[in-house]
Amino acid sequence: MQVPVNYSYVSDGPYRKYKIGNYLVEFKHCANKEISGKSFITIIVIQAIKSIGKDRIQPKDISILSDLLPEEEKKKILREAMTTTPWIYGVIKEVCKK
């Protein structure tokens, strides 16, 4: 028995799923302000925080993100993420100040 392979992509287009053979390709809608004009790393950080959730993010999560990011990336992320959702930007400020 083969296990289906899932691929998920963030897009500013509509939410869509396509089944191609054993593959499931999923396009998840994301607001333009969260992906347009931002670096790959900034988008990943925003999506990571968003997937954890506003009410579930813990100091441990913030610490892990902070430890993984070099200082130069933190500066860039702070600049690029200013237009994202306010609660996400608040978490990013915590990640980048450590």
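Within the range 22-45, does at least one residue satisfy the condition of being in a helix (DSSP H, G or I) and small (Gly, Ala, Ser)?
So the first thing to find is which residues in the range 22-45 are in a helix (DSSP H, G or I), and the list is 32-35, 40-45.
Of the ones still in play, those that are also small (Gly, Ala, Ser) are none.
No: the range 22-45 contains no residue that is in a helix (DSSP H, G or I) and small (Gly, Ala, Ser).
Residues ARG56, ARG79: which one is within 16 Å of the chain's Cα centre (by Cα), assigned to a helix (DSSP H, G or I) and basic (Lys, Arg)? Talk me through it step by step, then tell me what you get.
On the way: ARG56 fails: assigned to a helix (DSSP H, G or I).
Of the residues listed, the single one that is within 16 Å of the chain's Cα centre (by Cα), assigned to a helix (DSSP H, G or I) and basic (Lys, Arg) is ARG79.
Regarding the range 59-82, can at least one residue be identified that is among the small types (Gly, Ala, Ser), touching a residue at least 40 places away in the same chain (Cβ under 8 Å) and touching a helix residue (DSSP H, G or I) at 6+ places or on another chain (Cβ under 9 Å)?
Looking for residues that are among the small types (Gly, Ala, Ser), touching a residue at least 40 places away in the same chain (Cβ under 8 Å) and touching a helix residue (DSSP H, G or I) at 6+ places or on another chain (Cβ under 9 Å), one finds at least one in the range 59-82, hence yes.
So, in the range 7-24, of the ones that are under 18 Å from the mean Cα position of the chain (by Cα) and surrounded by 10 or more Cβ atoms within 10 Å (Cβ to Cβ), which residue ends up modelled with the highest pLDDT? Don't jump to the end; show me each part of the working.
Here is the first cut: in the range 7-24, the ones under 18 Å from the mean Cα position of the chain (by Cα) are 7-15.
Checking which are surrounded by 10 or more Cβ atoms within 10 Å (Cβ to Cβ) leaves us with 7-13, 15.
On the way: TYR7: 90, SER8: 89, TYR9: 87, VAL10: 87, SER11: 86, ASP12: 85, GLY13: 89, TYR15: 93.
Among those that are under 18 Å from the mean Cα position of the chain (by Cα) and surrounded by 10 or more Cβ atoms within 10 Å (Cβ to Cβ), it is TYR15.
The values are calculated or read from the model by the stated rules, or taken from the named source; none is laboratory data. All figures in this text were calculated on a predicted structure; none of them were measured in a lab. Positions of Cβ are generated from backbone atoms using ideal geometry, with glycine treated the same way; all protein chains shown enter the neighbour counts.
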